[in-house]
Amino acid sequence: MDPGDEEPALERLQAEGLQLAAILITHKHGDHCGGVRGLLQAFAGIPVFGPAQESASGVTHPLSEGAELCLPHSDIRFRVLELPGHTEGHLAYYHAGAPGVLFCGDTLFACGCGRVFSGTHAQLHQSLQRIAALPADTLCYCAHEYTQANIGFAQWVEPDSADLRQYAERVAGLREHDQPSVPTRLADELACNPFLRTAEPRVIRAAEGYAGKPLNDGAAVFTALRTWKDKAYD
Ligand SMILES: [Zn+2]
């Protein structure tokens, strides 16, 4: 999944005595597909699944919304979601199970979301709303460990949130012991991630405070939050 660099993947495969059967790519950025070529040198001919709506390096099997993907030599199935916004053709891979699993690339981060590069704010808002509608126990495998920095901005938006305080304590404990905060449970994101909470009165008020005007819908609230974080926080 999203090999930005082949070395860590090759080392892990060798340490565990595993063969690579397929590569899944969420979007075209080099830190998500820069390792494809090196992996294909070691595992020639394996399929590389990726977005049909944008050009990601090395993709052999372009996929669109609704495609069903079965990993070779296994019965693990994923449904493809097109979640544009960070880029114009960004995909996520959803495995329905107990719990479900979502590989969401740079669309959702724990307590944050990706920046808008080659998509639009309205698209990214809509894509995050689609993630929000998945079962609440879904484990979201975001592609970067940005959680602690993201929590700081979320606390600008909702400084009095008890849920967010607990989330911050839990993540601080994990990071102190060098443990990842990803995957993150969707239920925790729904409670704490401002970019999924654009219909919450407290979040709307904070976004309006930044924008200096009333914001009439979720997309406008989202755009104000994303712009606020880009310009004043990151
Ligand atoms: Zn990216």
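The values are calculated or read from the model by the stated rules, or taken from the named source; none is laboratory data. Note that the structure is predicted; figures quoted are calculated from it, not measured. A quick note on method: Cβ atoms are made from the backbone with ideal geometry, for glycine too, and the neighbour counts reach across all protein chains shown.
The table that follows gives values for the structure above.
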item	result
Residue that is surrounded by the fewest Cβ atoms within 10 Å (Cβ to Cβ), among those in the range 178-205 that are without any contact (Cβ under 8 Å) to a residue 12 or more places away in the chain and under 16 Å from Tyr146 (Cα atoms)	Asp178
Within the range 8-40, considering residues that are without any contact (Cβ under 8 Å) to a residue 24 or more places away in the chain and among the charged types (D, E, K, R), the one nearest to Cys140 (Cα to Cα)	Arg12
Residue pairs meeting the criteria (Cβ under 6 Å; at least 6 apart or on separate chains; first in contact (Cβ under 8 Å) with a residue 60 or more places away in the chain, in the range 41-55; second surrounded by 15 or more Cβ atoms within 10 Å (Cβ to Cβ) and in a loop (DSSP other than H, G, I, E, B))	Glu54/Lys28; Glu54/Thr87; Glu54/Glu88; Glu54/Gly89
Pairs with Cβ under 6 Å, 6+ apart, first in the range 108-125 and under 13 Å from Gly218 (Cβ atoms), second within 13 Å of the ligand (Cβ to nearest atom) and assigned to a helix (DSSP H, G or I)	none
Test result for Pro84, under 17 Å from the mean Cα position of the chain (by Cα) and part of a loop (DSSP other than H, G, I, E, B)	yes
Residue identified as among the hydrophobic types (A, V, I, L, M, F, W, C), part of a loop (DSSP other than H, G, I, E, B) and crowded, with 18+ Cβ neighbours inside 10 Å among Ala44, Ala56	Ala56
The lone exception for Pro3 - which of (1) within 14 Å of the ligand (Cβ to nearest atom); (2) more than 24 Å from Arg185 (Cβ to Cβ); (3) assigned to a strand (DSSP E or B) it fails	(3)
Selection from the range 36-57 of residues that are away from the ligand (no atom under 16 Å from the Cβ) and either under 16 Å from Gly105 (Cα atoms) or in the same structural domain as Phe103 (by TED's automatic domain parsing) (or both)	Val48, Phe49, Ala52
Some residue of the range 105-119 being modelled with pLDDT of 95 or more, within 16 Å of the ligand (Cβ to nearest atom) and not assigned by TED's automatic domain parsing to the domain that holds Ala220	no
Meets criteria (farther than 23 Å from Arg185 by Cβ, of a type in the set (Ser, Thr, Tyr) and crowded, with 16+ Cβ neighbours inside 10 Å) for Thr107	no
The range 11-35, residues that are in a helix (DSSP H, G or I) and away from the ligand (no atom under 15 Å from the Cβ)	Glu11, Arg12, Leu13, Gln14, Ala15, Glu16
Leading residue by the ranking (nearest to Asp188 (Cα to Cα)) among those in the range 68-100 that are surrounded by fewer than 17 Cβ atoms within 10 Å (Cβ to Cβ) and among the aliphatic types (A, V, I, L, M)	Ala98
Qualifying residue in the range 112-124 (condition: among the polar types (S, T, N, Q), surrounded by 15 or more Cβ atoms within 10 Å (Cβ to Cβ) and touching a strand residue (DSSP E or B) at 6+ places or on another chain (Cβ under 9 Å))	no
